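Have a look at the structure below before the remarks.
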Amino acid sequence: MEEAPVVVQPPSPDGGRRVAIRGEYAGIAYHLLDVVEFLRRAGLPESDTTLDDPGLIEWRGGGPEDWTADE
């Protein structure tokens with residue numbers, strides 16, 4: 001199976017999630033709008049951006065609704 005071009009890491013203790021696009025560090029997202037902005041900057045059109053598409057985004061340690069670290 002081919003890896004998704006976008007990988008969102010599990011939430012850190014401060015709630016931020018590291019985001020990589022095509023293997024390059026894009027930044028730390030603190031909510032979904034940050035992820036959308038990183039995708040926009042990477043040239044992915046909004047009409048093609050589906051945040052729950054496993055072919056586009058691999059959410060590690062929780063899905064798009066998880067923004068707090070498990071303790």
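Below, the figures for the structure above:
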| item | result |
| --- | --- |
| Whichever residue in segment 35-51 is at pLDDT below 85 and not β-branched (Val, Ile, Thr) and, among such residues, is surrounded by the fewest Cβ atoms within 10 Å (Cβ to Cβ) | SER47 |
| Single unsatisfied condition, ALA4 versus (1) surrounded by 12 or more Cβ atoms within 10 Å (Cβ to Cβ); (2) among the aliphatic types (A, V, I, L, M); (3) more than 12 Å from GLU58 (Cβ to Cβ) | (3) |
| Top-ranked residue in segment 53-71 [being touching a strand residue (DSSP E or B) at 6+ places or on another chain (Cβ under 6 Å) and closer than 15 Å to HIS31 by Cα; ranked as least open to solvent (accessible area, probe 1.4 Å)] | ILE57 |
| Hits in segment 15-34 (condition: without any contact (Cβ under 8 Å) to a residue 24 or more places away in the chain and surrounded by 15 or more Cβ atoms within 10 Å (Cβ to Cβ)) | GLY16, ARG18, VAL19, ALA20, ILE21, ALA26, GLY27, ILE28, ALA29, ASP34 |
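The values are calculated or read from the model by the stated rules, or taken from the named source; none is laboratory data. Just so it is clear, the structure is predicted and the values come from calculations on it, not from any experiment. Virtual Cβ from ideal backbone geometry, glycine too; neighbours counted across all protein chains shown. The accessibility values were calculated without ligands, DNA or RNA, using every heavy atom of the protein model including side chains. Shrake-Rupley method; radii C 1.70, N 1.55, O 1.52, S 1.80 Å.
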